[in-house]
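One structure is given here, and the rest of the page talks about it.
What follows is calculated from the coordinates using simple rules that are stated; it is not laboratory data. Computed from a predicted structure; not experimentally measured. Methodologically, a virtual Cβ is constructed for each residue, glycine included, from the backbone with ideal geometry; neighbour enumeration extends over all protein chains shown.
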């Protein structure tokens, strides 16, 4: 199968993730969309690694996974803290500061 | 998968890397300090932690600074430096200069973080128990018991590790990892304020979601550049892009998306919207640290990315960056006029300054690099000092950040108001302060580099910005103090030392900028 198709899929996943970040209200869902974007990057890295015939892409994908895991730890702790104090995980409610 | 491809993949072996530990010693020392900080949290009894954390952090950063001086003396005569860690990290003039700056800012920030004499009930600027919900009984109990947490020290040190790596990263994977190491602890630190905890948590949420969003863009850009050149090394991307005559989509998309990630970190328009909220909500010592150090690290990385990886593409990226710089300067200066909160005012001022620093970076010559690095030193210490002064002006509800509370401060406390006025004059770029020397240097470099339009806009925006800085000075010195106004708390020697360092750098770089300019000139060459 032509590897370029995987690049199209990766770009599509990245776009879905970015649109989700901009459109969804729930902080958890927004965060999941960011994770989708990171995984789209992973797919692109692996595909390019295959196209260039070197291992860099696959190794970078491992680094990205570790970074994504760290981001989950930090992100969920912040979202849980804000949910405890507001009883809501909606990003629209976090609007004490404007302009 | 075809069998031929399997065979090629099978014979591609991953060689064990060789690491020159001596050349990485500044970064490794700070990383070690961060790990020791975690162990102190785990094994020392609570009363002993504060002194241990503070001592370990300060001694470690001073040792790392010593290591940088040692490495800088070992640089060859042409000041080119070398690439270590299998091509991942560059030890050259710009990275050593910026790392030294970052460590000095880090030392002053840890002094601010360690301040414990400002809260009337005791404790520092951080929540007694960050996990307790604001307003809950659990939180009241923790505050009544006089709890203090010392987890901020290892978090700040981890963040500093990322900042030291960021301007030195010579491949995009290392740059991405450094970006995350510097960002993730900062997201947490933003949410730890003792007062106004809802604002603080909101700042952490906004910073985290937008920061993660922008780093995803950065990573996709890295993937595109890897796809274009077959490598994430800046040098190889530079070689591959040097001969790019046609508009290759992968290269252009990669360039744009990596630039988005970097511009977000420096807070340039249109990626600036997080800056005022995060600066306002975060605990003020952290705001100072973040405002000063993140800019130094991110501009270092941005310069290396554009100067080493994409010099051949400058006709493509320079017009865009000129537009970004103009928008940043104008938006920062104009919106700051309407602000009524000191921390937000300083945040918009930092956006305007990001535009001024971009002016130097866009010059695309050696003077551009050295003037940008000089500006970063000048700006970093002024910002840190200004936020340190903000921590001192307090009323019953904590820091009195509303501008109306600052009316007549010059009559109550001439010294503190005078120091703040000095910092504001330096922000405005008045002669005999470091701000003037920095602005003069970047505008001169931009004019020589053929970006005259930027210089005109920059000077006009400096004039607009001077208006709101001077307005605060007039408010402090020429209006009557309110009866229920805030008081200026006398800090311990630590905050005093941090402010004194800010004042000293501001005055010395204003009156005698030449030694530091010479040093920046010598350190202005990126290793290829």
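Using Cα centres only, tell me the gap between the range A:49-64 and the range B:326-388 in whole Å.
For the range A:49-64 versus the range B:326-388, the Cα centre distance is 38 Å.
So how tilted is helix B:452-478 from the main axis of chain B? Cα-based, degrees 0 to 90, rounded to 10.
The angle comes out near 20 degrees.
Restricting to Cα atoms and excluding each atom paired with itself, what does the Kirkwood estimate give for the range B:365-523 in Å?
One over the average 1/r among Cα pairs gives 16.6 Å for the range B:365-523.
Which whole number gives the average, over all residues in A:4-13, of C-beta atoms from other chains lying within 10 Å of the residue C-beta?
Across A:4-13, the average partner-chain Cβ count within 10 Å equals 1.
What is the fewest-to-most order of A:76, B:24 by other Cβ atoms lying within 10 Å of their Cβ?
A:76, B:24
Compute the whole-percent fraction of alpha carbon pairs in the range B:99-231 spaced more than 23 Å apart.
Counting every Cα pair in the range B:99-231, those more than 23 Å apart make up 45 percent.
May I ask you to sort A:47, B:101, B:372, B:487 by Cβ crowding, counting other Cβ atoms within 10 Å and putting the fewest first?
Final ranking by Cβ density, sparse to dense: B:487, A:47, B:101, B:372.
Would you list the P(r) distribution for the range A:3-87, with all Cα-Cα distances sorted into 5 Å bins from 0 and each bin expressed as a whole %?
3, 15, 19, 20, 17, 11, 7, 4, 2, 1, 0
Once you have the alpha carbon radius of gyration of the protein assembly as shown, what is it after dividing by 2.2 N^0.38 Å, with N set to its residue count?
0.93
Please report B:480, B:41 as a ranked list, fewest other C-beta atoms within 10 angstrom at the top and most at the bottom.
With the sparsest Cβ surroundings first, the list reads B:480, B:41.
So how far, in whole Å, is the C-alpha centre of the range B:239-296 from the one of the range B:172-235?
10
If you count, for every residue in B:231-238, the Cβ atoms of partner chains within 10 Å of its Cβ, what is the mean?
Other-chain Cβ atoms within 10 Å of each residue's Cβ, averaged: 1.
Based solely on C-alpha atoms, express the radius of gyration and the Dmax of the range B:435-501 in angstrom.
18.6, 54
Once you average over the residues of A:39-51, how many Cβ atoms of partner chains fall within 10 Å of each Cβ?
So the per-residue partner count for this stretch is 4.
With no solvent and one equal point scatterer per Cα, compute the Debye intensity ratio I(q)/I(0) for the range A:1-44 at 0.21, 0.23, 0.27 Å⁻¹ and report its log10, rounded to two decimals.
The computed values of log10 I(q)/I(0) come out as -0.59, -0.67, -0.82.
Compute the distance in nm between two label points, each set 7 Å from the Cα along the Cα-to-Cβ direction, one at residue B:137 and one at residue A:88.
Those two pseudo-labels are separated by 2.6 nm.
How big is the range B:3-522 along each principal axis, measuring the range of its Cα positions in Å and listing the largest first?
79, 56, 41
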